[in-house]
Amino acid sequence: MCGIVGYVGPQDAVPILLAGLGRLEYRGYDSAGLAVCTRSGLKVQRASGRVADLASGLPARFKGSPGIGHTRWATHGEPTVENAHPQTDTAGRIAVVHNGIIENADELRAKLAADGVEFTSQTDTETVAHLIAAAFAGGASDLEQAVRLALRQVVGAYGLAIVDAEHPDRIVVARNGSPVLLGVGEKEMFVASDVAALIGYTRQVVYLDDGELATITATGYRTFTLDDRATAKSPSTIDWDVAGAEIGDNAHFLIKEINEQPRTIKRTLSGRLDERFDTAHLGGLNLTVREAREIKRVKILGCGSACYAGDLGAQLIEDLARVPATAEAASEFRYRNPVVEPDTLYVAVSQSGETIDTLAAVQELQRKGGRVIGIINVVGSTIARQVDGGIYLHAGPEMSVAATKSFTSTVTAFALLALHLGRMRDLAPSEGRRIIAGLKALPEQIEEILLQSDAIAGVAKEIAPSPSVLFVGRRRGWPVAREGAQKLKEISYVHAEAYPSAELKHGPLALVSPELPTVAIVPDDDLLDKNTSTLSEIKARKGPVIALAHRQLPPELADRTLVIPANEPELDPILLSIPLQLLAYHTAVALGRDVDKPRNLAKSVTVE
């Protein structure tokens, strides 16, 4: 969950490292640091807090190349200067930045301490620096050999970048369970844990696989394994642009990304609507018609918002393709002993494509012979390369921790998948045309919802003082309610819970009072009467109600109604999610929260 960036080349590394860390700050932001090789040796600067705190404290003569940088999300040790990365050996010759968790760190610390090493931090990462120093003391001839000897003793997940003052022309990197990629420039090279750090510098990247290492110099790179066998890696091209990773004139990345959704939905749909045959064209699935027709059920795996999008995806697949489908948290799936069936299609959902729990679930499924496809935003990410096929969202970089455009693009991708599978089965052409028309209408309808931002801000100010907010919905509205509660709690820190409306009488109704607002998802569908009955129950107990509906509700049912344009019933959840994103955003702003970087959270969860 930490961010790593590195540079080697003719330029001063520091400005490049700081810019890269700024773009990776969503991956970790409790401390940050830099290490650069200078004419006078290795220099290290660390700070508790944000990248801006690090930058403001840099000495005037802190210049050099190569260099490595890091933003931290604490796992071992509090977020102090001492525990910030880079971590160094005792002599201050070797500097290491690390993403992941070294599982045998305590054992390694005890062994090193017995050999006389004095530790200056609580981190597991410091052990790596001392192990490399010990490898040199034991006769290692170069940095590559020293790193390989050190890592043979390490158990756990890591993405590492290492510089050595006595080898000031190179950076050595290693990957095992945490992402590391190389950026190929013109007589310069880059390292990062995320392509966002490289935007503006290069579009050519090399993705390392687990168990791989690389040495980069200004003139190129070499990839190899722990036993020094060379590996052949070719660069891939990334299509993200600088504008997508810059905040521009927006107050926060989150509102920028909410407002981008008409465009990102169009990008997800681009080239995929086949109006000739009333279906969706999804060549990346790598499924023949015969294979698709043999699917007996679909199982969707994701974490957080990806799991809620999977709930909606499961309903879309059942509604349109008439295939049994369910969604489950990947973090729970990986720890049980699932029955993997050959006629089940498994779908892994991850914006970053690096979510460790989802990746572990994919690997377990494939070990047992399961067919897995991915719905992923980041091209070339680990899960994207691991799965058997899939759908890229093409939503562009999402810099705020809270998922917004990636959520709606994911549900849109599920609609395409459901349409694709449905038209191979029994979905009539007229039904295919209906869904395609609904998908094409989404961007303009989202624009219409975004015009209500100021009105939603007024509602947000009303609920901001509340200690808790209840979200309720039925059927398709239930995952929307869960996602709405997630957004509110993670960026405003207002406690929020979501329940199926029909479950209200089975416990949550005891909480309803004038102090507990309820946000109700009330689409104008065949369950409208059921939903309005739920609102009556809440109002009878003097609970304030904010309704999301397709028409204005009377005051005896709702204190405030946010009227949302109607699409096809299967696609309405995409539209109903937008005002909940705005509600969470404006509540967080009203409370003065750090909207893009909520406390204790990071966007790309690459450690357990």
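Picking from Val206, Ile132, Ala84, whose Cα lies most toward the positive end of the charge dipole for the range 68-215 (charges on Cβ: Lys, Arg +1; Asp, Glu -1)?
Farthest along the dipole direction, towards plus: Val206.
Cα atoms only: what Rg and Dmax, in Å, come out for the range 191-299?
20.2, 54
Kindly report the accessible area of the chain per residue (heavy atoms of protein chains, probe 1.4 Å, no ligands, DNA or RNA), in Å².
38 Å²
Asn104's amide H: which non-local residues (gap 5+, or another chain) put their own amide H closer than 5 Å, with H modeled 1.01 Å from N in plane and none for Pro or chain starts?
Hits under the 5 Å cutoff: Val155.
Once phi is turned into ³J(HN,Hα) by the Karplus curve 6.51 cos²θ - 1.76 cosθ + 1.60 with θ = phi - 60°, what whole-Hz value does each residue of the range 212-219 show in order, with x for glycine and proline?
With the stated coefficients, the range 212-219 comes to 9, 10, 8, 10, 10, 10, 4, 9 Hz.
With unit charges on the beta carbons (Lys and Arg positive, Asp and Glu negative) and the dipole taken about the Cα centre of the chain, which residue among Ser468, Ala510, Thr344 sits farthest to the positive side?
Thr344
Which entries of Lys233/Lys368; Lys43/Lys63; Lys489/Lys597; Lys266/Lys440 have Cα-Cα distances beyond 19 Å here?
Numbers: Lys233/Lys368 28 Å; Lys43/Lys63 9 Å; Lys489/Lys597 13 Å; Lys266/Lys440 8 Å.
From Lys233/Lys368; Lys43/Lys63; Lys489/Lys597; Lys266/Lys440, over 19 Å: Lys233/Lys368.
Could I have the simple spin-label model distance between Ala114 and Ala60, label points 7 Å from Cα toward Cβ, reported in nm to one decimal?
Simple spin-label model gives 5.1 nm for this pair.
Only loop residues by DSSP count here, and only those with at most 12 other Cβ atoms within 10 Å; note down the trypsin sites (Lys or Arg not before Pro) in the range 1-53 that meet that. Working shown, then result.
Working: sites: Arg23, Arg27, Arg39, Lys43, Arg46, Arg50; in loops: Arg39, Arg50.
Filter output for the range 1-53: Arg39.
Largest first and to the nearest Å, give the Cα extent of the range 298-451 along each principal axis.
44, 40, 23
Name the long-range amide H neighbours of Val545: under 5 Å, sequence gap of 5 or more, or other chain; modelled H, no Pro or chain starts.
Close amide H contacts, sequence-distant or interchain: Thr518, Asp559, Arg560.
With a cap of 16 neighbouring Cβ atoms within 10 Å, and only residues DSSP puts in a loop, list the trypsin sites (Lys or Arg not before Pro) found in the range 417-486.
On the way: sites: Arg423, Arg425, Arg433, Arg434, Lys440, Lys461, Arg474, Arg475, Arg476, Arg482; in loops: Arg425, Arg474, Arg475, Arg476.
Hits after loop and neighbour filter: Arg425.
Taking R0 as 35 Å, what's the FRET efficiency between Asp594 and Leu511 from their Cβ-Cβ distance, rounded to 0.05?
Details: r = 29 Å, r/R0 = 0.82.
Step by step, r from the Cβ atoms, then E = 0.75.
Would you mind working out the magnitude of the charge dipole of the chain relative to its Cα centre, with +1 at each Lys and Arg C-beta and -1 at each Asp and Glu C-beta, to the nearest 20 Debye? Could the numbers behind the result be given before it?
Details: 63 positive and 75 negative charges, 86 e Å.
Here the size comes out at about 420 debye.
Can you work out the Karplus-derived ³J(HN,Hα) for every residue in the range 380-389? Use 6.51 cos²θ - 1.76 cosθ + 1.60 with θ = phi - 60°, whole Hz, and x for glycine or proline.
With the stated coefficients, the range 380-389 comes to x, 5, 4, 5, 4, 7, 7, 6, 7, x Hz.
For a label point 7 Å from the Cα of Asp106 along Cα→C-beta, name the residues of the range 51-88 whose backbone N is under 13 Å from it.
No residues fall inside that zone.
Inverting the mean 1/r over all pairs of different Cα atoms, compute the Kirkwood radius of the chain and quote it in Å. List each step's numbers first, then the result.
Values: mean 1/r = 0.0395 Å⁻¹.
For the chain, inverting the mean 1/r across all distinct Cα pairs yields 25.3 Å.
Quick check on the range 373-436: take the gyration tensor over C-alpha atoms, sort the square-rooted eigenvalues as a ≥ b ≥ c, and tell me if it's rounded (a/c under 1.5), prolate or oblate. Mind showing how you got there, number by number?
Numbers: a/c = 3.81, a/b = 1.69, b/c = 2.26.
Since a/c reaches 1.5 but b/c is at least a/b, the shape of the range 373-436 is classed as oblate.
Positive end of the charge dipole of the chain (Lys, Arg +1 and Asp, Glu -1 on Cβ, about the Cα centre): tell me which of Val8, Thr410, Ala485 has its Cα farthest that way.
Thr410
Mind putting a number on the dipole of the range 267-392 about its Cα centre? Charges go on the C-beta only, +1 for Lys and Arg and -1 for Asp and Glu, and I need it in Debye to the nearest 20. If you can, show how the numbers build up before the last one.
Details: 15 positive and 16 negative charges, 55 e Å.
The calculation lands at about 260 debye.
When every alpha-carbon pair in the range 90-195 is counted, what percent end up more than 19 Å apart? Please list the in-between numbers first.
Working: 2384 of 5565 pairs.
When every Cα pair of the range 90-195 is considered, 43 percent fall beyond 19 Å.
Could you work out [θ]222 nm for the chain from helices alone, using -39500 (n - 2.57) per DSSP H run of at least four and dividing by all its residues? Round to the nearest 500 deg cm²/dmol. Walk me through the numbers on the way to the answer.
Details: 18 runs with 209 residues, N = 608.
Result for the chain: -10500 deg cm²/dmol, rounded to the nearest 500.
Quick one: pull the percentage of alpha-carbon pairs in the range 66-122 with a separation above 15 Å.
Working: 869 of 1596 pairs.
Percent of Cα pairs beyond 15 Å in the range 66-122: 54.
Between Arg551 and Gln363, what length comes free when the chain is fully extended (0.36 nm per residue of separation minus the Cα-Cα distance, one decimal in nm)? Walk me through the numbers on the way to the answer.
Working: separation 188, 0.36 × 188 = 67.68 nm, distance 4.63 nm.
Value of the extension gain: 63.0 nm.
The values are calculated or read from the model by the stated rules, or taken from the named source; none is laboratory data. Bear in mind that the values here come from a model prediction, so they are computed numbers and not experimental data. Positions of Cβ are generated from backbone atoms using ideal geometry, with glycine treated the same way; all protein chains shown enter the neighbour counts. The accessibility values were calculated without ligands, DNA or RNA, using every heavy atom of the protein model including side chains. Shrake-Rupley method; radii C 1.70, N 1.55, O 1.52, S 1.80 Å.
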